[in-house]
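The values are calculated or read from the model by the stated rules, or taken from the named source; none is laboratory data. All values reported here derive from a predicted model rather than from experimental measurement. Quick reminder, even Gly has a Cβ in these numbers, built from the backbone with ideal geometry, and neighbours come from all protein chains shown. Please note that ligands, DNA and RNA were not included when accessible areas were found on the heavy atoms of the full protein model with its side chains. Shrake-Rupley method; radii C 1.70, N 1.55, O 1.52, S 1.80 Å.
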Number of protein chains: 2
Amino acid sequence: MSNSTPATIEDVARIAEVSIATVSRAIHTPEKVANSTRLKVNQAIAITGYTTNAMARSLRLGRSNMILVVAPDIGDPNFSNILVGLENEARSHGYGVLIGHTQNDPQRGLEYLKFLNSNQAAGLILFTGILPFGHQAMTARLPPSVGVFEPVFNGGIPYVGVDDIEGARKAIDLLIAEGHRKIAFVGDSRTRLAHRRRRMGYEAGMDAAGIGADLRIVLEGDGTIESGRLAVEQLFMRDTLPSAFMCVNDQTAIGVMIGLGARGYDVPRDFSVTGFDDVPQAVFTSPALTTIRQPRTLIGKHAMALLLELLSDGQPAETEILLRPDLVVRNSVSAPSRAWR
Amino acid sequence: MSNSTPATIEDVARIAEVSIATVSRAIHTPEKVANSTRLKVNQAIAITGYTTNAMARSLRLGRSNMILVVAPDIGDPNFSNILVGLENEARSHGYGVLIGHTQNDPQRGLEYLKFLNSNQAAGLILFTGILPFGHQAMTARLPPSVGVFEPVFNGGIPYVGVDDIEGARKAIDLLIAEGHRKIAFVGDSRTRLAHRRRRMGYEAGMDAAGIGADLRIVLEGDGTIESGRLAVEQLFMRDTLPSAFMCVNDQTAIGVMIGLGARGYDVPRDFSVTGFDDVPQAVFTSPALTTIRQPRTLIGKHAMALLLELLSDGQPAETEILLRPDLVVRNSVSAPSRAWR
DNA sequence: TTGTAAGCGTTATCAA
DNA sequence: TTGATAACGCTTACAA
């Protein structure tokens, strides 16, 4: 049973008294093997505890059973939830998940490119909106790939994300329903499509309510807590105060709440605030943040499923899968304060 | 350059006009190759963009360059930071990191055991305090392995963690220095060594201060937010109130603060609270949580370094590496309220 | 210093 | 339905 060296197909063949070819067939195309033979083989497998040597198999087949997942920052708590979805889906199809992170360092990207080149991964999941392999990427042969959150800039790669416009609409519609008219948008000017779309949702919502965006209260940050705080400062300096802040993500919203708190205001009594993403922290801010939830595990699951489809069909079934984001109502939104009514 | 099929060692050999053996040597033992030959080979490698096929190499060598990381829950935010340390260290030594999670399901564990059996990983990093492979684990041949956080129960496996006793001492000493005498400990009765050690640190600190633990205020929870809340309820029911709560981890501390808040008390004015771990949320609780920081990235780095050492030497350099946990002072601790003085 | 050739454990082709 | 065998790309005795 527990020998010093793992059983090979040859051990199984010897015990089952058949050839190794038959063993291989009994495993992969059992219908091509006589019942009695298959039985013998299965017994021999049970006896030896045989498992196919993945190295040999991959070498022979010319492809591995590993999927490389490259993210700019695997330390991001958002990432780990998606990873769960990715890993579950992969494993249930016989694939393993390899982790890589670039930290936006092109040198790192290059290492992963080499990695792919040496046939170590059959497919690629990309969290970055851009191929992280420098200009080499253009000439490189990439394996089937799928993006997460947004399309990959310089490659015609299908992706799985969330309907950012719809999500943003849910936030803005809530604010408007509560009676807000002057609603600031604190955006992210970096070039992520997701962020642009959230702003589009904001504008669409304002338009639909017949308000129209007031550009004086549409601010561009960079998605960090600090940029949320700064946005508040700017607005106070300019003296163009909204009654509510719709933020491009939770980090920004947290910054806005900190900025408001520092000036002695109460959320949601004095100002309402919404986020986007529903990061784990959103429960613990005070007040707890009303935000839009990204179905992270599900995103991971769909992304991996799409990739596996690509791997078997070769044809991308769809080029874009957008999941439905949900409004999570907590305590950072209320009707506008008296001053606004 | 970007042909349809990756270059093999044979392509390189042909262009360099040497044998494939020489190419292999030029790569792995360059000192055994004439300078001029090495030059030719390097040029040919540059021209072809050759990368060693990892499958073939692993098959030939009988071991892969992958490390399997098995955690009960990769969705845990604590995990992702450690992963950063693990991955960096692994990659800089030519190893890749494979992710697996068991969610405490023995069936899952078994799948990973098969995975290991099929030679897909050269080493194993375990986050669970117990071999997650069921009873099969006993008879199984495991590759070199390293535990994270605590020793692996049923295997003589070296591990990297934090000095929990010292960490707990830092928390209890702070509380005592602030003037607290009646300090509750909210523990975790599950069998994790780390949790037992934290309690030992608590007791040692109380003893050192000449107080001695009052068993009526030493509670056993299960490390969840809910169990922290429950602990508070228990204490109020029993009417044996402490002036401070030292909690076995941050989750518990958050629960305690929630419980206290629900009863209308203010932290730290009425009660002081400490946590352990310094999870990302600890910054966002109100008040921000004073806690003990685990150097997570460093733990990952050390764990992987130890494993790689094992992989090359075969001998565990040390059987236990304990890193120093740091006190992080935020706003959940102050001197006891008047009632206690 | 270099080349020849065996063999790692599979899968797939071909023949029986 | 089964078996013999070539090939996947590499490393490493062993020989030259």
(request) Holding the Cα-Cα limit at 29 Å, pick out from A:32/A:114; A:170/A:301; A:114/B:32; B:114/B:301; A:114/B:301; B:40/B:301 the pairs that are longer than that. (result) A:32/A:114; B:40/B:301
(request) Heavy atoms only, probe 1.4 Å: what % of the accessible area of segment A:188-289 goes to carbon and sulfur, would you let me know? (result) 52
(request) Give me the net charge of residue A:37's neighbourhood, meaning all other residues with Cβ under 13 Å from the Cβ of residue A:37; Lys, Arg count +1, Asp, Glu -1. (result) +2
(request) Quick one: net charge around residue A:169, please, counting Lys, Arg +1 and Asp, Glu -1 for every other residue with C-beta under 14 Å from its C-beta. (result) -2
(request) May I ask for the accessible area buried between chains B and A, both sides summed, probe 1.4 Å, to the nearest 100 Å²? (result) 4300
(message) Taking all protein chains in place and a 1.4 Å probe, what share, in percent, of the accessible surface of segment A:9-52 do carbon and sulfur account for?
(response) 53
(request) For n ≥ 4 DSSP H runs only, could you compute -39500 (n - 2.57) per run for the protein assembly as shown, divide by its residues and tell me the 222 nm figure to the nearest 500? (result) -13000 deg cm²/dmol
(message) So the label point sits 7 Å from Cα along the Cα-to-Cβ vector; using that for residue A:190, what distances do you get to the other copies, in nanometres, sorted shortest first?
(response) 3.4
(message) Cut-off under 15 Å on the C-alpha distance; same-chain residues fewer than 8 positions from residue B:182 excluded. Which aspartates and glutamates are left, in chain and number order?
(response) B:173, B:203, B:207, B:214, B:239, B:270
(request) Report the charge-dipole magnitude of segment B:9-52 in Debye, nearest 20, computed about the Cα centre from +1 at each Lys and Arg Cβ and -1 at each Asp and Glu Cβ. (result) 120
(request) Would you kindly give the portion of the calculated P(r) for the protein assembly as shown that falls above 42 Å, as a percent of all Cα pairs? (result) 38
(request) Pick out, from B:47, B:12, B:27, the residue whose Cα sits farthest towards the positive end of the charge dipole of segment B:9-52, with +1 on the Cβ of Lys and Arg and -1 on the Cβ of Asp and Glu. (result) B:27
(message) Let's see if you can work this out: charge +1 on each Lys and Arg Cβ, -1 on each Asp and Glu Cβ, no other charges. What is the dipole magnitude of chain A about its Cα centre, in debye to the nearest 20?
(response) 420
(request) DSSP loop (so not H, G, I, E, B), at most 13 other Cβ within 10 Å: list which GluC sites (Glu not before Pro) in segment B:247-335 pass both filters. (result) B:318
(message) How many angstrom lie between the Cα centre of segment B:13-31 and the Cα centre of segment B:193-210?
(response) 61
(message) Going by amide H atoms built from the backbone, whose H comes under 5 Å of the H on residue B:320, apart from near neighbours?
(response) B:159
(request) Count the net charge of all other residues whose Cβ sits under 12 Å from the Cβ of residue A:9, scoring Lys and Arg as +1 and Asp and Glu as -1. (result) +2
(request) Would you mind listing the distances between the residue A:47 label point and the same position in each other copy? Use 7 Å along Cα-to-C-beta, nm, one decimal, shortest first. (result) 5.4
(message) At a threshold of 8 angstrom on Cα-Cα distance, excluding pairs fewer than six apart, so keeping six or more, what relative contact order does segment B:1-56 reach in percent?
(response) 46
(message) Stokes-Einstein diffusion coefficient for chain A at 25 °C in a medium of 0.890 mPa s, Rh from the Kirkwood formula over Cα pairs: what value in µm²/s?
(response) 107
(request) One decimal, nm, shortest first: give the distances between the label point of residue A:32 and those of the same position in the other copies, each label point 7 Å from Cα along Cα→Cβ. (result) 4.0
(request) With just the Cα atoms of segment B:9-52, tell me how far they stretch along each of the three principal axes, in Å, largest first. (result) 22, 18, 15
(request) Would you work out which of A:283, A:271, A:257 lies farthest towards the positive end of the dipole of segment A:257-306, given +1 charges on the beta-carbon of Lys and Arg and -1 on that of Asp and Glu, about the Cα centre? (result) A:283
(message) Give me the residues in segment B:265-283 whose solvent-accessible area, probe 1.4 Å, is reduced by at least 10 Å² once all protein chains are included instead of the chain isolated.
(response) B:280, B:281
(request) With +1 on each Lys and Arg Cβ and -1 on each Asp and Glu Cβ, and nothing else charged, work out how big the dipole of segment A:82-209 is about its Cα centre, in Debye to the nearest 20. (result) 240
(request) May I ask you to give the solvent-accessible area per residue for the protein assembly as shown, in square angstrom, as obtained with a 1.4 angstrom probe? (result) 43
(message) Only sites in a loop by DSSP and with at most 14 other Cβ atoms within 10 Å count here; which trypsin sites (Lys or Arg not before Pro) in segment B:265-322 make the cut?
(response) B:269
